[in-house]
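What follows is calculated from the coordinates using simple rules that are stated; it is not laboratory data. All of these numbers come straight from a predicted model, not from anything done at the bench. A quick note on method: Cβ atoms are made from the backbone with ideal geometry, for glycine too, and the neighbour counts reach across all protein chains shown.
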Ligand code: SF4
């Protein structure tokens, strides 16, 4: 008869669940913050005033802990590859190498550093960008019903209410618009004044009763002065057809002090009370990619929002190589969110095809394997879907693929609705749209094919899509 210990070994699971306590890393291990008090750390103004915005400030924080090579690597990345400038609140910095005094090697290997503070040597040397990578790779601006309001799905819209965030992520999908320009990317600017843009959004929602769901995003809503955000959401709550409102804020994790401040908590309570009274579901969506970023302060912020009366706090992470593209890392993160912070794991998006993102992206078949590997551990309602945001299509669960050329890494997807720019286009529901795996993940024959075709102007799918949009536009012309 097998002993208990032997039975344990036999029943070993691919992932072993352990309930872990959340830990706030000790910021005093960093030279610049040795004397910072808990009161200062908890103060949102102190956090905002001490953000790291450039290499000089990064040196001030880490001092001699990091080798010159690391600073030079980060500087070269900003000069030659970065699509986002550096912006890191102390809270975010403190989650890098959280359990030790950081060394150069530990910083290079750290998952948070890899996506929040990219360095040149992280990027793929041969194919830093996919040949079909582009700014605004999801074509959101093409689908603006009014400036900043993307109407892609039939019943829901994305309201980009501002173009800034308290932190800038290296892989930002909205690198086209969000943040400061970098040597590589001159950011697009909204043309309307903020007040006119928000007015136009509200008017569009009032006159389009088919829209029931508004994602209020940016940027990050934590950068909008609270009274302006509250006034905007209050106007949305007056629109009869709006039934779901989700506020998008990575700062719930990167700057939880914002969501813990008194004015935000009391304002959110007012909004949540109105929402409940009108039967509208008001939720917060955040963006956490690594378990070590779920700290007690993040849990406090999430719980404060739930106490204020929001229906849910959900996480939409991004699947990133070197950060979380591993079943254990994903499950550790989901359990930290769920057990420790009452944040619902919701989605992991595959990293979009923006410039210089190849080292972060994973192939669709890898994402499918990850989805398979994380099933069955979390409650069904908290098991995140891994989704691919396919250009001109929208979110597709990674198993919804129609066809897949594994050698060249080209997957084909269809959709079951028309986006806002397809009108009565008869082919919109049958056309296959393409998505591309990172070239370094392909077999040698596939990589050789791309070496010969990298300069092709347009793929078949894009050409067909462009023809279709022109046909649809012509059809609605008087
Ligand atoms: S918080 Fe969101 S919008 Fe802001 S930089 Fe990060 S990914 Fe982009």
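Mind sorting 360, 413 by how few other Cβ atoms lie within 10 Å of their own Cβ, fewest first? Each step should come with its number before you reach the end.
On the way: 360 26, 413 23.
Final ranking by Cβ density, sparse to dense: 413, 360.
Which percent, to the nearest 5, of DSSP beta bridges fully inside the chain are antiparallel?
Numbers: 16 of 43 bridges.
Bridges in the chain are about 35 percent antiparallel.
With a 10 Å Cβ neighbour count serving as the proxy for reagent exposure, in which order, fewest first, do 41, 46 appear? Walk me through the numbers before you get to the answer.
On the way: 41 19, 46 15.
If I rank by nearby Cβ atoms, fewest first, I get 46, 41.
On a C-alpha basis, how far is the centre of segment 165-235 from the centre of segment 312-343 in Å? Whole number, if you could?
Centre-to-centre (Cα) distance: 25 Å.
Okay, helix-only estimate at 222 nm for the chain: each DSSP H run of n ≥ 4 adds -39500 (n - 2.57), divide by all residues, round to 500 deg cm²/dmol; what do you get? Don't skip to the end; give the middle numbers.
Values: 18 runs with 165 residues, N = 478.
Here the helix-only value at 222 nm equals -10000 deg cm²/dmol.
If neighbour count is taken as other Cβ atoms inside 10 Å, put 199, 262 in order from fewest to most. Mind dumping the intermediate values first?
Values: 199 15, 262 7.
Ordered from fewest to most neighbouring Cβ atoms within 10 Å, 199, 262 come out as 262, 199.
Grab every C-alpha pair in segment 26-122, bin the distances at 5 angstrom width from 0 up to the longest one, and report whole percents.
2, 13, 25, 28, 18, 9, 4, 0
Counting just the Cα atoms, what span does the chain cover along each of its three principal axes? Round to the nearest Å and put the largest first.
For the chain, the Cα spread along each principal axis is 68, 62, 58 Å.
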